[in-house]
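Inspection log for the structure reproduced underneath, given as structure tokens.
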Amino acid sequence: MRSSVVASQVGVHSHFGGVVPELASRHHLSGIVPVVCEALTRAGVAHARDCDAIAVTEGPGLVGALLVGVQLARGLACAVERPLYGIHHMEGHLFSAFLGDQDRHAEAFEPHVALLVSGGHTELVHVHGLGDYTILGATRDDAAGEAFDKVAKLLGLGYPGGPIIDRLADEGDPCAYAFPRAMLDRDNFEFSFSGVKTAVLVRVEQAGALSSRAQLADVCASFRRAVVDVLIEKARRAVAKVGVPRLHVVGGVAANRGLRVALEQVAAEDGFALRIPPLRYCGDNAAMIGAAAAARYAAKARADVVVHASLALDDPRIRMS
Ligand code: KG4
Ligand code: ZN
């Protein structure tokens, strides 16, 4: 990877406690050209014509923001006469496991189980190869990152909630409160995180305002442990069932310290290989989209773009042929 530039809109949306779609597209529009120019400069690329191909996220996501990216990429690809690859956002995350580790890129599509945990998705996927994915199970309601964000909001902690809860949780007692571990008794790979969120809400209402930082830290630690326990247990069962001893954990929530520590322990106990991206590549970034496109380009995949708000990773459109 030659460069990675990330423009954050956290400052724009934090005031509202969540992403405001219209503001997201507007700021995307004003930010995108400077970011592309900076990425080229940092990579030492004098002109976009020096690139072999152009890549862009085609979905899933907020259509307004996706359209901004796709229209810019279409214009650029047309101007420099290069192929344009529309990449599924979650396929991009799958490639993030290899960013910063160039020598191992070839391993990216050895069969493995992937736990995709972000603000919009929580799913376990059997990765057979590039473009060849079987979704083993997904969340029935909130995604894990969404649960972190909602719990942070109801605790009055700010946005985005994942990193804030994660930091506070380090100070608390994870056994202080017994929050539910939904779906653990089911022999499937589905998740549900709306119940644990409601359990935190009930706890807060019973206690009135959580007055001390120590109390707040205990709630955060207990909530984090409940979410992590379910993610880990389902992931280890998926690895055992699929019979491929390799787990990749990607997406914004893969930055969670509690999750990372617990994963290392379980991987050592169960004897499977574990890959988690470096922290800076867990959250959304363009480098992972570029990496996925580079693999498709190398495999001579069809280059085209169709914007989609929600398309499953195992949709036939994602397949290589
Ligand atoms: O992959 P991502 O950057 O964007 C989406 O595709 O959704 O993931 C963002 C999500 C947010 O919900 C955010 O709160 C969560 O990842 N997140 C975390 C942590 N850092 C980011 N959740 C838990 N612990 C963290 N340290
Ligand atoms: Zn993402």
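Just one of A138, A114, A152 is under 20 Å from G59 (Cα atoms) and either buried (at least 23 other Cβ atoms within 10 Å of the Cβ) or free of Cβ contacts under 8 Å to residues at least 40 places away in the same chain (or both); which is it?
Details: A138 fails: either buried (at least 23 other Cβ atoms within 10 Å of the Cβ) or free of Cβ contacts under 8 Å to residues at least 40 places away in the same chain (or both); A152 fails: under 20 Å from G59 (Cα atoms).
The conditions single out A114.
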*Output the number of the condition that R203 fails; it satisfies all remaining conditions of (1) under 22 Å from A291 (Cα atoms); (2) of a type in the set (D, E, K, R); (3) away from ligand 1 (no atom under 16 Å from the Cβ).*
(1)
*For the stretch 164-181, does any single residue satisfy the condition of being without any contact (Cβ under 8 Å) to a residue 60 or more places away in the chain, open to solvent by 10 Å² or more (accessible area, probe 1.4 Å), in contact with a Gly (Cβ under 8 Å, 6 or more places away or on another chain) and part of a helix (DSSP H, G or I)?*
yes
*For A143: the one exception among (1) within 16 Å of ligand 2 (Cβ to nearest atom); (2) within 24 Å of A287 (Cβ to Cβ); (3) of a type in the set (G, A, S); (4) surrounded by fewer than 18 Cβ atoms within 10 Å (Cβ to Cβ)*: (4)
*asked:* Being surrounded by 22 or more Cβ atoms within 10 Å (Cβ to Cβ) and within 16 Å of ligand 1 (Cβ to nearest atom) is the filter here; which residues of the stretch 231-241 pass it?
replied: L231, A235
*So how many residues does the stretch 76-119 have that are farther than 21 Å from A301 by Cα, assigned to a helix (DSSP H, G or I) and either modelled with pLDDT of 95 or more or in contact with a strand residue (DSSP E or B) (Cβ under 8 Å, 6 or more places away or on another chain) (or both)?*
1
*Residue that is away from ligand 1 (no atom under 12 Å from the Cβ), hydrophobic (A, V, I, L, M, F, W, C) and open to solvent by less than 20 Å² (accessible area, probe 1.4 Å), where the choices are A309, A301*: A301
*Do we have L247 as more than 16 Å from ligand 1 (Cβ to nearest atom), open to solvent by less than 10 Å² (accessible area, probe 1.4 Å) and of a type outside the set (S, T, Y) here?*
yes
*Which number in (1) open to solvent by 30 Å² or more (accessible area, probe 1.4 Å); (2) at pLDDT 95 or above; (3) within 21 Å of D170 (Cβ to Cβ) marks the one condition that S211 misses?*
(2)
*Within the stretch 142-161, count every residue that is modelled with pLDDT under 95 and part of a loop (DSSP other than H, G, I, E, B).*
6
*Mind listing just one residue for me: the one in the stretch 265-286 that is within 15 Å of ligand 2 (Cβ to nearest atom) and open to solvent by less than 20 Å² (accessible area, probe 1.4 Å) and, of those, nearest to G86 (Cα to Cα)?*
N285
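The values are calculated or read from the model by the stated rules, or taken from the named source; none is laboratory data. If you're wondering where the values come from, they're calculated on a predicted model, not measured in any experiment. All Cβ positions, glycine included, derive from the backbone under ideal geometry; neighbour counts span all protein chains shown. SASA here: full protein model, heavy atoms, side chains in, ligands and nucleic acids out. Shrake-Rupley method; radii C 1.70, N 1.55, O 1.52, S 1.80 Å.
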